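J.: Quick one: structure below, then a few questions.
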Amino acid sequence: MSTYTAQVLVGHSHLYHGGIKPSHVLFLSENGRSAWCLYPLFLGSFNKDCKSSSHKVWICDPFTFIEDAMLMTGLFVRKDKELLKLAQHFNKKILTAQHVEITEVLSEKQRETLYERSKSISWYPLKISVSVFAGSSIKNISKLEEYKDLEFEVCACFYRRSYNPFSDDFKTTDETKSSDFPLYLERLKSGFFRR
């Protein structure tokens, strides 16, 4: 069974107070075939919309998690006209299908072209808040800096309590007290393991 290992809130920040007023959410599903699931957030109707055809699911390559999330956001939330036109030209299924295996409907060259285009569109006033949960395969989170005028926050798991079914007890982990904590943050940002 797959689980969600990351969440991206997409919306707008308050001009003076920060935070985020989300309009959409992306969930990264892993442990099986990796997929981004994009849902609109209409207050009071989230559960209904999760079951409707208003959401999109992209089965993606684990090496391009950030790029795929931003491409989905650019196409279905930001709705950049040039990006939509380019995607339509490559394969309209990317825009019309509810479930898409991104590596099957687009060639690597087409994906790279769309990724590069999504970096150059105007993202403001959009803001994203990325929450990376324990066990997530997301790396290279610093790629977000490549997206022109994108406002973002990254929240990483550093303090948690989890249940261990093998020992039938709970364990609290405080990564801030670990000598590996700076390495964890560096790995999340750059994607490299250093030991």
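J.: Suppose we filter LYS81, LYS119, LYS143 for residues that are of a type in the set (Lys, Arg) and modelled with pLDDT under 95; which single one remains?
T.: LYS143 is the lone residue from the list that is of a type in the set (Lys, Arg) and modelled with pLDDT under 95.
J.: Could I ask something else about it? Report whether or not LYS139 is farther than 20 Å from PRO22 by Cβ, touching a residue at least 24 places away in the same chain (Cβ under 8 Å) and out of contact with any Pro (no Cβ under 8 Å at 6 or more places or on another chain).
T.: Numbers: farther than 20 Å from PRO22 by Cβ: yes; touching a residue at least 24 places away in the same chain (Cβ under 8 Å): yes; out of contact with any Pro (no Cβ under 8 Å at 6 or more places or on another chain): yes.
Yes, satisfied.
J.: Pull up the range 85-132, narrow it to residues that are in contact (Cβ under 8 Å) with a residue 60 or more places away in the chain and polar (S, T, N, Q), then point me to the one that is nearest to HIS14 (Cα to Cα).
T.: SER129
J.: For the range 32-67, which positions are polar (S, T, N, Q), at pLDDT 75 or above and not in a loop (DSSP other than H, G, I, E, B)? Lay out the reasoning, then the answer.
T.: Going residue by residue through the range 32-67, those that are polar (S, T, N, Q) are 34, 45, 47, 52-54, 64.
With the extra rule that they be at pLDDT 75 or above, the set shrinks to 34, 54, 64.
Of everything in the range 32-67, just one residue is polar (S, T, N, Q), at pLDDT 75 or above and not in a loop (DSSP other than H, G, I, E, B), namely THR64.
J.: Check SER122 against each of (1) part of a loop (DSSP other than H, G, I, E, B); (2) more than 26 Å from SER54 (Cβ to Cβ) and name the one condition it does not meet.
T.: (2)
J.: Here's something else I'd like to know. Just the residues that are under 27 Å from PHE152 (Cα atoms) and either hydroxyl-bearing (Ser, Thr, Tyr) or out of contact with any helix residue (DSSP H, G or I) (no Cβ under 9 Å at 6 or more places or on another chain) (or both), please, taken from the range 85-107.
T.: If we filter the range 85-107 for residues that are under 27 Å from PHE152 (Cα atoms), which is where we start, we get 85-87, 94-95, 98-103.
Across the range 85-107, the qualifying residues are LYS85, GLN98, HIS99, GLU101, THR103.
The values are calculated or read from the model by the stated rules, or taken from the named source; none is laboratory data. All figures in this text were calculated on a predicted structure; none of them were measured in a lab. As a convention, Cβ positions derive from the backbone with ideal geometry for all residues, glycine included, and neighbour counts pool all protein chains shown.
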